[in-house]
1. Which helices (runs of 4 or more DSSP H) does region 1-117 wholly contain that include 2 or more residues that are under 18 Å from the mean Cα position of the chain (by Cα) and closer than 16 Å to residue 152 by Cβ?
2. I need a count of the residues in region 2-14 that are at pLDDT 85 or above and buried (at least 16 other Cβ atoms within 10 Å of the Cβ).
3. Condition first: open to solvent by less than 10 Å² (accessible area, probe 1.4 Å) and free of Cβ contacts under 8 Å to residues at least 40 places away in the same chain. Now tell me which residues in region 48-60 satisfy that.
4. List pairs: first residue in region 15-27 and open to solvent by 70 Å² or more (accessible area, probe 1.4 Å), second residue in a helix (DSSP H, G or I) anywhere in the structure, Cβ distance under 8 angstrom, at least six positions apart or on different chains.
5. What number of residues within region 167-218 are at pLDDT 90 or above and outside any helix (DSSP H, G or I)?
6. For region 80-103, which positions are more than 17 Å from residue 165 (Cβ to Cβ) and open to solvent by 40 Å² or more (accessible area, probe 1.4 Å)?
7. With (1) in contact (Cβ under 8 Å) with a residue 12 or more places away in the chain; (2) open to solvent by 60 Å² or more (accessible area, probe 1.4 Å); (3) outside any helix (DSSP H, G or I) as the list, and residue 132 as the residue in question, which single condition is left unmet?
8. Say whether the condition of being open to solvent by 40 Å² or more (accessible area, probe 1.4 Å), more than 25 Å from residue 85 (Cβ to Cβ) and out of contact with any Leu (no Cβ under 6 Å at 6 or more places or on another chain) is met by at least one residue in region 148-165.
Amino acid sequence: MTQHSPAYGLWPMVLLNTVIFAVFALSFSRPKTSRDWRSFGAFSAFLVALFTEMYGFPLTIYLLSGWLGSRVPALNFSSHDGGHLWYTLLGSNGDPHFTPLHLLSNLSIAGGFILIGRAWSVLFKAQRDHTLATTGLYSCIRHPQYVGFIVVMLGFLLQWPTIPTLIMFPILILMYVRLANYEEAAAVQEFGEEYKLYRERTPAFWPWAAVAARNRVP
């Protein structure tokens, strides 16, 4: 796409991208309970909001058109490139798809899905054997799948920030934290002291939290 070619109203692209990413996420997350499905539904809503603005209707661009127009007078609001807001606001030149920020976003999205996939393989084996998942990524953090989803969303925000997805991002993080707490309560009931010991030695979301905790010990 060029800077001057219209790039919106492509509703089949909205549907195709939403379905691809939703099905990919569904194949790894495998929701079971109503809480799981609500969490997946919220992530799917994030995808719909994202791709609607990326290919359908650029709501954020139009809402910010006056502010953006005063700062970037040459901006073509009907172009795909104009939707890359970080690229636009930083005054970057060339193809936005090859800027460092866009490449970082691609790495973040791919890395997030890799986290989800590797975590699921460990969790699936543990569930099949009716044991506690403590190997692989679960030896570093207790909820690698949720971290994976957060990293994926962060990657999309680096690539194509919108007002709806920026609002939804902290809400989804809160949902994942609440779902993690619910699952931990269920794990304590099922595995008892074994899970409590695992919880004490393994941080919930960020592996460096354990290092920081050890450094605070006198």
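The values are calculated or read from the model by the stated rules, or taken from the named source; none is laboratory data. All of these numbers come straight from a predicted model, not from anything done at the bench. Here the Cβ is made from the backbone with ideal geometry for all residues, glycine too, and neighbour counts use every protein chain on show. With ligands, DNA and RNA removed, areas are computed over all heavy atoms of the protein, side chains included. Shrake-Rupley method; radii C 1.70, N 1.55, O 1.52, S 1.80 Å.
1. Of the helices (runs of 4 or more DSSP H) lying wholly inside region 1-117, those with at least 2 residues that are under 18 Å from the mean Cα position of the chain (by Cα) and closer than 16 Å to residue 152 by Cβ span 11-29, 34-51.
2. Result for region 2-14: 3.
3. 51
4. Qualifying pairs under 8 Å: 24/113.
5. So the answer is 5.
6. 90, 91, 92, 93, 94, 95, 97, 98, 100, 103
7. Status for residue 132: all satisfied but (2).
8. Scanning region 148-165 turns up no residue that is open to solvent by 40 Å² or more (accessible area, probe 1.4 Å), more than 25 Å from residue 85 (Cβ to Cβ) and out of contact with any Leu (no Cβ under 6 Å at 6 or more places or on another chain).
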